Each structure stands twice: as structure tokens, then as C-alpha cells.
1. Could you grab me the full set of residues in the stretch 80-98 that are assigned to a strand (DSSP E or B), at pLDDT below 95 and surrounded by fewer than 17 Cβ atoms within 10 Å (Cβ to Cβ)?
2. Among the numbered criteria (1) in a strand (DSSP E or B); (2) open to solvent by 40 Å² or more (accessible area, probe 1.4 Å); (3) in contact (Cβ under 8 Å) with a residue 24 or more places away in the chain, which one does SER75 miss?
3. For the stretch 138-147, name all the residues that are in contact with a Ser or Thr (Cβ under 6 Å, 6 or more places away or on another chain) and either open to solvent by 40 Å² or more (accessible area, probe 1.4 Å) or among the aliphatic types (A, V, I, L, M) (or both).
4. In the stretch 99-120, which residues are over 22 Å from the mean Cα position of the chain (by Cα) and assigned to a strand (DSSP E or B)?
5. What number goes with the only condition from (1) polar (S, T, N, Q); (2) open to solvent by 80 Å² or more (accessible area, probe 1.4 Å); (3) modelled with pLDDT of 90 or more that GLN183 does not pass?
6. Of the residues SER126, SER63, SER116, only one is out of contact with any helix residue (DSSP H, G or I) (no Cβ under 6 Å at 6 or more places or on another chain), buried (at least 18 other Cβ atoms within 10 Å of the Cβ) and closer than 19 Å to GLY25 by Cα; which?
7. Is the stretch 154-163 home to any residue that is charged (D, E, K, R) and either touching a Lys or Arg at 6+ places or on another chain (Cβ under 9 Å) or exposed (fewer than 12 other Cβ atoms within 10 Å of the Cβ) (or both)?
8. Would you be able to say whether some residue in the stretch 53-65 is outside any strand (DSSP E or B), out of contact with any Asp or Glu (no Cβ under 8 Å at 6 or more places or on another chain), over 25 Å from THR138 (Cα atoms) and of a type in the set (Gly, Ala, Ser)?
Amino acid sequence: GKISEAKIGGNDLSRNNGIGDLTLGAAIWALHSTEPTGTTLGFTSYITLPTGAYHPLEASLGSGAVALTQQIGFSQGLGHGFKLDVAADASFRFDHTNDGIQVSHDPTYQVQSYLSYNFTPATALSFGYSGTFGGKTTLNGIDSGTRTRDDQLRVFASTFVAPTVQIQGMVGTHIDVRGGFQQDVIFQLR
């Protein structure tokens, strides 16, 4: 990835571009239905490894720390190709030291809700909200002023190109950010 511009108080902030952190995950499906009005409920655990470029005083793609995230996801078929997806998660990032700076983070919480329409069983379009809260960060015990309050509107398009290979694109925008960087347009392709 690339951070094209980062400013604090109108002053340019050093940027650390490159590769982000590696995230591994596993899910358990307590309920699963393929019916048009069926219910699916899943629990997922993620571990994020600090493989990305990171420095605590720069805008970085990496986090510099190991993180554990627990997520619960709920999907309710509404019929006629429509579906409601809701997810909530809590992320715990471990404290770490980088270049002599002790970095500590409070837990971060995220909620997401999307209304989806499946054009075919393999192709869908979704519109929804993602909100992230918490995550106060301190540097050597001093509040950095960085919090995670991030409200986004997002549109996703996805299609399976093979039974086990999906391509997904997302475009989004921040509608509110406090204690972080506001992005006018957010792109993601995976």
C-alpha cells in the first residue's frame, strides 16, 4: 500500500509505505443455512503478525505489534436475493517497544452492518456501515491523542471466479473520524 499524504496540524508527517501486517484467521460456524431466508452465525479468531512497515512516529501501514481479534458474525437471509450481515469484534493489541518508544494500546471494538443483494449465487453487491471505537494509544505513557473513532460508509462487490476463489472490491469514505486520519476515498481489492 501507499500513504499519499499525512498531516498533523497542517505539517507533513513522515510516511512508511510498503506491505501491511499479515493476518491469519479461523472460523467456526454455529449455524449455517443456504436457504433464501436462512440464518448463519459464526465465530472467528484472527491473529495479526507485525510484518508490515512500522514506526510509532510515522503514518504506517503496519501496526508494530501482535494483535488478537475475536469476531462474531450474523447473516440473515431476507429472501429475493437480499441478506443482512452484522458483525462485531474486539481487538487486543499487545504492548511493544520500537526504537526505544514504549507503545501501548487499549482494546479496539468494531461493528459492521451491510445489506447485500446477490445477483447470482456467486456475485453480490453490498452497502453498509463500519464503526470502530476505542484504541487509545500511549507513547512512553503519554497519551498520543490517537483514538480509534472511525465511521465509514462502504460499498462492496464480490464474485467467485472458482468455487474456492473470490475477488472482492470495496470503495468507502469516512463520515466521521476523531483522533486519527480522515480518508476521503478508501479502496480495497482482495
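1. THR97, ASN98
2. Of (1) in a strand (DSSP E or B); (2) open to solvent by 40 Å² or more (accessible area, probe 1.4 Å); (3) in contact (Cβ under 8 Å) with a residue 24 or more places away in the chain, only one is false for SER75: (2).
3. Of everything in the stretch 138-147, those that are in contact with a Ser or Thr (Cβ under 6 Å, 6 or more places away or on another chain) and either open to solvent by 40 Å² or more (accessible area, probe 1.4 Å) or among the aliphatic types (A, V, I, L, M) (or both) turn out to be SER144, THR146.
4. Listed by number, the residues that qualify are ILE101, GLN102, ASN118, PHE119, THR120.
5. Failed condition: (3).
6. SER63
7. no
8. no
The values are calculated or read from the model by the stated rules, or taken from the named source; none is laboratory data. A quick note: this is a predicted structure, and the numbers were derived from the prediction, not measured. Using ideal geometry, Cβ is built from the backbone for each residue, glycine included, and neighbour counts are taken over all protein chains shown. Ligands, DNA and RNA are excluded from the accessible area calculation, which covers all protein heavy atoms including side chains. Shrake-Rupley method; radii C 1.70, N 1.55, O 1.52, S 1.80 Å.
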